[in-house]
Amino acid sequence: MLHAHTVEQVRAAEADLLARLPEGALMQRAAAGLAYAVLDFLGTAYGRRVLLLVGSGDNGGDALYAGALLARRGVQVEAWLLSDAARAAGVDALRAAGGTVLASPPIGQRPHAPASEFRGLVPNRATFDVVVDGIVGIGGRPGLRPEATKALEMLAGIPVVAVDTPSGVDVDTGETDGPHVVADLTVTFGTHKTCHLVDPAARACGAVHLVDIGLDLPDAPVEALQAADVAALLPRPAADAHKYTRGVVGVRAGSATYPGAAVLSVSGAACGLAGMVRYDGDPAALDQVRAAHPEVVGPGRVQAWVVGSGSDAGAEDAVRRSVADDVPLLIDADALAFADLARGRATVLTPHAGELARLLDVERAQVEARMLEHARLAARRYDAVVLLKGRHTVVARPDGQVRVTTTGTPWLATAGAGDVLGGLVGALLAAGLDPFDAASAGSWLHGAAATLAAQDGPIVASDVAAALPVVLGSLVGT
Ligand SMILES: NC(=O)C1=CN([C@@H]2O[C@H](COP(=O)(O)OP(=O)(O)OC[C@H]3O[C@@H](n4cnc5c(N)ncnc54)[C@H](O)[C@@H]3O)[C@@H](O)[C@H]2O)[C@@H](O)CC1
Ligand SMILES: [K+]
């Protein structure tokens, strides 16, 4: 499991460790990890040129000490101090190692002047191989001051390695309300933070590299399943299993207008994780479902229902009939408008940002800007697990616990992919997983299958379903 802790949790763990370590030891651990990650990024030390952007706090301190280590390894290191209060001991260490401090351009006096006016004041900017963002870390308020914004504009196009977090993002929420760094690599310490997982901030991190500094941390409110976690959650048939003990998943989705939604939902449900799939949707789609999945049977008792896209009237009726069965429910697409009817049942809701906006009566842009807040709000309000689809899908439980999906590919943004996901999560519910595990594991598998399928080029939704057996095979063998 990958864990993302809050700033408050990190601070407490850090205080605990600081009390037991010699002064400066923790920062040296962070700086060493950062320096090695930068070296790795550069490929080689000799002939390379690195610019440190240094703020007033310990984040800048990490950058300066890492800069000193890099300078000792032969990298040409220059520091641009964005604050008069930059850590003096760090500056001394950098100088002692052969690094230099740039005379900072006088941006503070004319913060609104265009970056081009200052560009000539940073010597040979084009020859920097990497900019290290040590402006702010977990102590920063969201947004950047004009000096930092201008510095970044002047250095545009040069790869950026962020120290701990890309400066300017909101560390605990993953929001990006103001200007912020967009990094190619983020080197973080002790544990991940929310901004490394939750979009839009996660998009600004680039690749994320975690350096262990020995923090002793409590449970994290935000986490991300890894392959081994999903493997451990997957249902496996008992030696004496029969199809009913493995769980039966029922699908109520699709319509005469959208028979494909029925076929795709069933293709997710028929991933092999449940013992049987029943189709009880619009009869107009039945022939196509049967043609694609001859193993599918008609209405009857199930251990979980998937209620997805259909005509409006059909969706309400499908939710009502499914709720009456008192089994776990997955509610998607048109049926989300009737999510209220499922209160008191074990329920997973799978909206995209627009659908969640309608559920909460807010603007779609608000949901996209504050995914964590809105997924948690809906989970609490509907007393359901809410799976908010996105590049990094957010799965929230009513008590606020969150899992973020980091598998997937932009190719997954394709019509019908959500239908496959709904069926897959429904199969996991029928097999007995609780809604939070079913939703987060299903989302992980869906993303992994899409990534696998997209290795051969662009994909459509049915390719995702077709790739599921290979992904599942690689996990059940472990
Ligand atoms: N907490 C930990 O466990 C560890 C922290 N370390 C480093 O220490 C960092 C935290 O250091 P600090 O607490 O000193 O905080 P930061 O270095 O993140 O920044 C705080 C300073 O920046 C100023 N500031 C706040 N918002 C700003 C903004 N938007 N623009 C410009 N300046 C702003 C504040 O006045 C304050 O002086 C971590 O991110 C990490 O890099 C590491 O050295 C190792 C361990
Ligand atoms: K930073």
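The values are calculated or read from the model by the stated rules, or taken from the named source; none is laboratory data. In this text, all values refer to a predicted model and were calculated from it rather than measured experimentally. Note: ideal-geometry Cβ built from the backbone for every residue, glycine included; neighbour counts use all protein chains shown.
The table below gives the values:
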| item | result |
| --- | --- |
| Matching residues, the range 83-114, being outside any loop (DSSP other than H, G, I, E, B) and touching a Pro at 6+ places or on another chain (Cβ under 9 Å) | 107, 108 |
| Some residue of the range 253-263 being assigned by TED's automatic domain parsing to the domain that holds residue 421 and in contact with a strand residue (DSSP E or B) (Cβ under 8 Å, 6 or more places away or on another chain) | yes |
| Qualifying residue in the range 342-351 (condition: of a type in the set (Lys, Arg), surrounded by fewer than 18 Cβ atoms within 10 Å (Cβ to Cβ) and assigned to a loop (DSSP other than H, G, I, E, B)) | yes |
| Long-range neighbours under 7 Å by Cβ, at least six apart or interchain, first residue touching a residue at least 12 places away in the same chain (Cβ under 8 Å) within the range 108-134, second surrounded by 13 or more Cβ atoms within 10 Å (Cβ to Cβ) and among the acidic types (Asp, Glu) | 108/147; 115/153; 134/62 |
| Flag if residue 423 is touching a residue at least 12 places away in the same chain (Cβ under 8 Å) and at positive phi | no |
| Tally, over the range 132-165, of residues that are crowded, with 18+ Cβ neighbours inside 10 Å and within 16 Å of ligand 1 (Cβ to nearest atom) | 23 |
| Residue 90 being on the phi > 0 side of the Ramachandran plot and in contact with a strand residue (DSSP E or B) (Cβ under 9 Å, 6 or more places away or on another chain) | no |
| Subset of the range 182-222 (residues that are more than 23 Å from residue 371 (Cα to Cα) and part of a loop (DSSP other than H, G, I, E, B)) | 190, 212, 213, 214, 215, 216, 217, 218 |
| Condition met for residue 187 (β-branched (Val, Ile, Thr) and more than 24 Å from residue 440 (Cα to Cα)) | yes |
| Some residue of the range 379-398 being assigned by TED's automatic domain parsing to the domain that holds residue 333, of a type in the set (S, T, N, Q) and in contact (Cβ under 8 Å) with a residue 60 or more places away in the chain | no |
| Every residue from the range 173-191 that is surrounded by fewer than 23 Cβ atoms within 10 Å (Cβ to Cβ) and either within 19 Å of residue 401 (Cα to Cα) or near ligand 1 (Cβ under 9 Å from one of its atoms) (or both) | 173, 175, 178, 191 |
| Any hit, the range 41-53, residues being surrounded by fewer than 22 Cβ atoms within 10 Å (Cβ to Cβ), away from ligand 1 (no atom under 16 Å from the Cβ), in contact (Cβ under 8 Å) with a residue 12 or more places away in the chain and under 16 Å from residue 186 (Cα atoms) | yes |
| Residue within the range 149-166 that is under 23 Å from residue 365 (Cβ atoms), modelled with pLDDT of 95 or more, within 13 Å of ligand 2 (Cβ to nearest atom) and not assigned by TED's automatic domain parsing to the domain that holds residue 390 present | yes |
| Selection status of residue 277, buried (at least 24 other Cβ atoms within 10 Å of the Cβ), in the same structural domain as residue 420 (by TED's automatic domain parsing) and part of a strand (DSSP E or B) | yes |
| Those residues of the range 26-85 which are polar (S, T, N, Q) and away from ligand 2 (no atom under 16 Å from the Cβ), in sequence order | 28, 44, 76 |
| Yes/no for residue 74 being under 25 Å from residue 123 (Cα atoms), within 30 Å of the chain's Cα centre (by Cα) and either in a loop (DSSP other than H, G, I, E, B) or in contact (Cβ under 8 Å) with a residue 24 or more places away in the chain (or both) | no |
| The listed residue being surrounded by fewer than 21 Cβ atoms within 10 Å (Cβ to Cβ), charged (D, E, K, R) and either closer than 30 Å to residue 364 by Cβ or within 15 Å of ligand 1 (Cβ to nearest atom) (or both), out of 170, 199, 212 | 212 |
| Of the criteria (1) touching a residue at least 60 places away in the same chain (Cβ under 8 Å); (2) outside any strand (DSSP E or B); (3) more than 16 Å from ligand 2 (Cβ to nearest atom), which one residue 4 fails | (2) |
| Breaking point among (1) within 26 Å of residue 387 (Cα to Cα); (2) assigned to a loop (DSSP other than H, G, I, E, B); (3) hydroxyl-bearing (Ser, Thr, Tyr), for residue 267 | (2) |
